[in-house]
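To start, the structure under review is shown below, and the notes come after it.
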Amino acid sequence: MRSSGLVLLLAAPALVAGDTDAIKAQIQTLRSQLKSQREQIEEQQQLLTEADGRRLQTLVTQTTVDTQIAALQATRYGFNGAMDSLWLCLCGALVMFMHAGFAMLETGSCRAKNASNVLMKNLVNVCVGTLGWWLTGWAFAYGTQSGTALFGSSGFVGEGFYTKDASGKITPVTCTSEGCQSTMLSWFFQWAFCTAGATIVSGAVAERVKGPTYAAFAFVMTSFIYPMVVAWSWGGGWISTLFDVGYMDFAGSGVVHLTGGVAGLAGTVVLGPRKGRFVNPEDFEPHNLPLVVFGTFALWFGWYGFNPGSTLGMHDGATGALAAQVAMNTTLAAATGGISVFIIRYAILRKYDVGGLCNGILAGLVSITAGCGNMESGSAFATGLVGAMVYQGASMLLQKLKIDDPVDAVPVHGFCGIWGLLATALFDWGKGVDHYHGWSGWGCMQTADKSSCQTGIGGTAIGANLIMALVIIAWSGSISALTFALLKWWGALRIDEETEEMGMDAKSHSPAKAYALDFPNGQLPEAMKWYALPLLATGAAVAAGQSELLAELKQLESEVNAQQQLIKDQQELLDSYESHQSRRLQTMVNETYFNSTVEALQAKDYSLGGAMDSAWLCLCGALVMFMHAGFAMLETGCCRAKNASNVLMKNLVNVCVGTLGWWSLGWAFAYGAQNGNGFIGTTGFFGWDFYSQDATTGVITPVTCNGDGCQSTMLSWFFQWAFCTAGATIVSGAVAERVKSPTYAAYAFFMTSFIYPVVVAWTWGGGWLASIFDVGYMDFAGSGVVHLTGGVSGLMGTIVLGPRKGRFVSPEDFEPHNLPLVVLGTFALWFGWYGFNPGSTLGMKSANDGAMAAQVAMNTTLAAATGGITVFILRYCILRKYDVGGLCNGILAGLVSITAGCGNMECGSAVTTGFIGAFVYQAASMLLQKLKIDDPVDAAPVHGFCGIWGALATALFDWGKGIDNYHGWSGWDCMAANGSCRPGIGGTAIGAQLIMIIMIIVWAGGLSSIAFFLLKLTGTLRISEDVEEVGMDSKHHSPPKAYAMQ
């Protein structure tokens, strides 16, 4: 910058008149001075503009920005707590629903004469257990341990769960660096675990323990025995630091299941077996297998709260990825355990054992519960496989020792609980026994200075978990045995022989029996606009004559003086900027600080978005999984009682085999990298490359990121697995009551590993149909991809198989045998559809996602109701009688019809879609009847024909302007090109939908018909006539009937 000492005005105060030369010299000097001043003014203005620009960029003070950032952080901090609360409330509710599963499984496994008592015992267990947990249980488990590391001593009867000041204002939360949570939230979630542990004992002592006695034991269990185990482990007691490594039990293989299992063993040993149990074992077979299967599905469903919920929060992307990993492992272990026990039992009995299949699923679930958070998918498979063998061995051991456990609670929960604890350390995803993860999640357990991974502690971890198992056995077993022994000595433990003979229902309940039925043969989802300082415009006019020169001289003097003042003012302003620069930097925002802070907040929001997506898809995936319970109940109720066990088994096998098909090949074909082929994926087999792991430290990176956020591949795997197995289950209903079970299992594997995945690859996987006609297909949740694929495959299966013997000769003999199961199944399917359709937003991290899910839920509801009532009216007009089965299928027809277009049509169109879908279903059902195509559950009309209609309705009723503007996958916006809506593409969209429909029919129908036809040629497709006559249950199942009501 130039110096402020400029050329000064001439000092002469007066001019000699007529001295023209002197005047001209002065004028020339002034002109030169003006020129120099203008140059300096321009330079100053440039500097001022630059300085002002910087001032505008740092206009807000540091204090203001810090205040705003703190407010944003507080909001996000509070949002963390809200997300955690949402997650744990919903997961706790899922765990609570497991009580319904326990009750149904135990009731179905016992004899009909004690059904009311078993149901009562399960309800009393929850009620009494809740009071025990509230009075003393929580305090012993999670209260302040005051250095004892043995049990807590605060929090009795909810004391101290919140604070209250002198004015009465309540503070309900306690806060950490991660967020704020209410103690009541932890109480609720852990209550569900506590009462579940007590319920395990109920099954082991069923059918001979007195009701009041069991209630007393349930109180002791929930108020003292179980809480002490929790205090030593989850409560931060001495086991948590054992050997400086501590135990590892993510969700409770040891804490919950082993504690309950060993207590149940003590109870059943002290009680002794039921009278005649090992003399006439056939008299003790399950009396109601549908209840057993429904209970198993309910428990599996609830386990997605039990295991994923044990993240104990959902406020960042890493936690969300962990929940997804847990869900995937839980699924694989359950399926592997179930199918393994099923195969083992068949090898032993040469009969299909539905109860064994159910317990195998539960054995896999218990086995994976401890290690679901620190092992990869292949290890989960191995854990479920070994767990199945542990269960089977333990079950046979108890039989040999004549220890009577009516539901195999001890083998499932006790022995598999031990295996689960050991597997957790054995299969930890660190580098063998070198690096160990345990509770550290994605990272290794580090040295004390946090500088590196601890080495060689895998063996120590195994020892810690072994000690934990032994301590639980000693504690729970001894206290339970002592309690039961004292009750026995007192004569208050076991019912008398007369009551046992006639049944507790008749002796002690009102009404005197659980069923009042007459079954023949016993069957049954700036501006500051910185002002620019004006340049002083000066001009010098040269005039003739001295007077004019004097006038010019005076004017120039004035201009020079004015510009000199301007230069002075601007210099002072610049000097002010410079002299106060340090203070300004301290009071205005530092750009680097501001940017880094914003980036940190954005990263946290990005991570929170991942957590919200994970919570949403985990919960929605669980809902879709529960649809299998609906399929099983509906199909079983629609078929004849003599094949009920076979239908139940087939649905269970479908899920287990389908899970393995999806894991081994299906996901890779559907969503693996297509490498430009547009037809099929080629990466991701057996869960390979679902995460990356550092070769040196073993630290795991579980997510992949894009512009929308970070998601774990395991999350997508889990959610899409539920869709895949649902599509295969559709076929099960169409071929029911005459297909051979091993044949169907093989077909289910083919369906889930190849047929369905290729359809997904073309569509949701981003293949060639995604861009056809430059518009692409539209199938929001799967009218075509899932339902049409399953429906056309089922149609081919039933055509190749042919009708059931006598189906069109004596149709009255083929009416549903159990309408309550049909209705229960329909409601379960409708319930699960709120995961199926709203969950297909595939995320929940923005207001638009939430609005879309709400729109989808509303459309789903309207179409289902419209479809149901329309078919109901149609059937009444035809039959002049009420048809409950038709009403159920009408609801399902509406649901299938809306599934493709639920995200791109308004509510009136949803009603129309359901209405027309009802007519499509009714016409298709009548057509199949006329063609004598035997579809026991109307799977093809519901899923196939309504799937076609749903795919077409998606384009016809798109909420754009008729065929002018089209929305499709664009959601709330039209499909755009060059910044505006693309006109006239509605017809093109319809064409794209037709191509998709045709290709699915050709692909799924063609391959399925070939598969079924080849199986028919080899004689392995259909059961023999004599088996069909007597029923598959009596010929191939153990027990030989689904119901034993006498």
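Computed quantities for the displayed model
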| item | result |
| --- | --- |
| Any pair with Cβ under 7 angstrom, 6 or more apart, that starts in the range 369-395 at a residue that is under 16 Å from residue 693 (Cβ atoms) and ends at one that is assigned to a loop (DSSP other than H, G, I, E, B) and of a type in the set (D, E, K, R) | 374/428; 375/428 |
| Failed item in (1) polar (S, T, N, Q); (2) within 22 Å of residue 721 (Cα to Cα); (3) part of a helix (DSSP H, G or I), with residue 374 passing the rest | (3) |
| Leading residue by the ranking (farthest from residue 762 (Cα to Cα)) among those in the range 984-995 that are within 35 Å of the chain's Cα centre (by Cα) and surrounded by fewer than 17 Cβ atoms within 10 Å (Cβ to Cβ) | 991 |
| Residue in the range 45-67 that is surrounded by 15 or more Cβ atoms within 10 Å (Cβ to Cβ), touching a Ser or Thr at 6+ places or on another chain (Cβ under 7 Å) and either at pLDDT below 70 or within 30 Å of residue 310 (Cβ to Cβ) (or both) present | yes |
| Total residues in the range 913-939, condition open to solvent by less than 10 Å² (accessible area, probe 1.4 Å) and over 23 Å from residue 877 (Cβ atoms) | 2 |
| Residues of the range 996-1025 classified as under 38 Å from the mean Cα position of the chain (by Cα) and part of a loop (DSSP other than H, G, I, E, B), total | 1 |
| Residues satisfying the stated conditions in the range 329-364, i.e. over 26 Å from the mean Cα position of the chain (by Cα), closer than 17 Å to residue 101 by Cα and of a type in the set (A, V, I, L, M) | 354 |
| Of all residues in the range 132-144 being in a helix (DSSP H, G or I) and either over 8 Å from residue 223 (Cβ atoms) or in contact with a Leu (Cβ under 7 Å, 6 or more places away or on another chain) (or both), the one that is most open to solvent (accessible area, probe 1.4 Å) | 134 |
| Number of positions in the range 959-983 that are open to solvent by 50 Å² or more (accessible area, probe 1.4 Å) and either part of a loop (DSSP other than H, G, I, E, B) or more than 23 Å from residue 848 (Cα to Cα) (or both) | 11 |
| The range 100-131: number of residues that are more than 23 Å from residue 824 (Cβ to Cβ) and surrounded by fewer than 24 Cβ atoms within 10 Å (Cβ to Cβ) | 6 |
| Meets criteria (in a loop (DSSP other than H, G, I, E, B) and open to solvent by 30 Å² or more (accessible area, probe 1.4 Å)) for residue 150 | yes |
| Hits in the range 183-212 (condition: of a type in the set (A, V, I, L, M) and not in a helix (DSSP H, G or I)) | 205, 206, 209 |
| Extreme residue, nearest to residue 839 (Cα to Cα), among residues of the range 722-742 that are of a type in the set (Ser, Thr, Tyr) and open to solvent by less than 10 Å² (accessible area, probe 1.4 Å) | 725 |
| Near pairs, Cβ below 6 angstrom, 6+ apart or cross-chain, from the range 769-784 (among the acidic types (Asp, Glu)) to any residue that is part of a loop (DSSP other than H, G, I, E, B) and open to solvent by less than 10 Å² (accessible area, probe 1.4 Å) | 779/900 |
| Filtered residue count, the range 280-299, keeping only those that are under 14 Å from residue 828 (Cα atoms) and more than 31 Å from the chain's Cα centre (by Cα) | 0 |
| Qualifying position, being modelled with pLDDT under 95, part of a helix (DSSP H, G or I) and open to solvent by less than 10 Å² (accessible area, probe 1.4 Å), among 751, 714 | 714 |
| Which numbered condition residue 475 misses (of (1) open to solvent by 30 Å² or more (accessible area, probe 1.4 Å); (2) of a type in the set (A, V, I, L, M, F, W, C); (3) modelled with pLDDT under 90) | (3) |
| Residue among 247, 226 that alone is within 32 Å of the chain's Cα centre (by Cα) and outside any helix (DSSP H, G or I) | 247 |
| Within the range 653-679, considering residues that are open to solvent by 40 Å² or more (accessible area, probe 1.4 Å) and assigned to a loop (DSSP other than H, G, I, E, B), the one modelled with the lowest pLDDT | 676 |
| Selection from the range 343-365 of residues that are touching a Gly at 6+ places or on another chain (Cβ under 6 Å) and buried (at least 24 other Cβ atoms within 10 Å of the Cβ) | 357, 360, 361, 363, 364 |
| Only one of 320, 264, 254 that is open to solvent by less than 20 Å² (accessible area, probe 1.4 Å), assigned to a helix (DSSP H, G or I) and at pLDDT below 95 | 320 |
| Cβ-Cβ under 6 Å pairs, at least 6 apart or on other chains, the range 433-451 side over 15 Å from residue 240 (Cα atoms), far side acidic (Asp, Glu) | 436/428 |
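Results for (1) small (Gly, Ala, Ser); (2) surrounded by 18 or more Cβ atoms within 10 Å (Cβ to Cβ); (3) modelled with pLDDT under 90; (4) part of a loop (DSSP other than H, G, I, E, B), shown as yes or no for each residue.
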site	(1), (2), (3), (4)
416	no, yes, no, no
424	no, yes, no, no
463	yes, no, no, no
480	yes, yes, no, no
498	no, no, no, no
505	no, yes, no, no
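The values are calculated or read from the model by the stated rules, or taken from the named source; none is laboratory data. Just so it is clear, the structure is predicted and the values come from calculations on it, not from any experiment. Methodologically, a virtual Cβ is constructed for each residue, glycine included, from the backbone with ideal geometry; neighbour enumeration extends over all protein chains shown. Accessible surface is based on the protein model in full, side chains and every heavy atom, while ligands, DNA and RNA are left aside. Shrake-Rupley method; radii C 1.70, N 1.55, O 1.52, S 1.80 Å.
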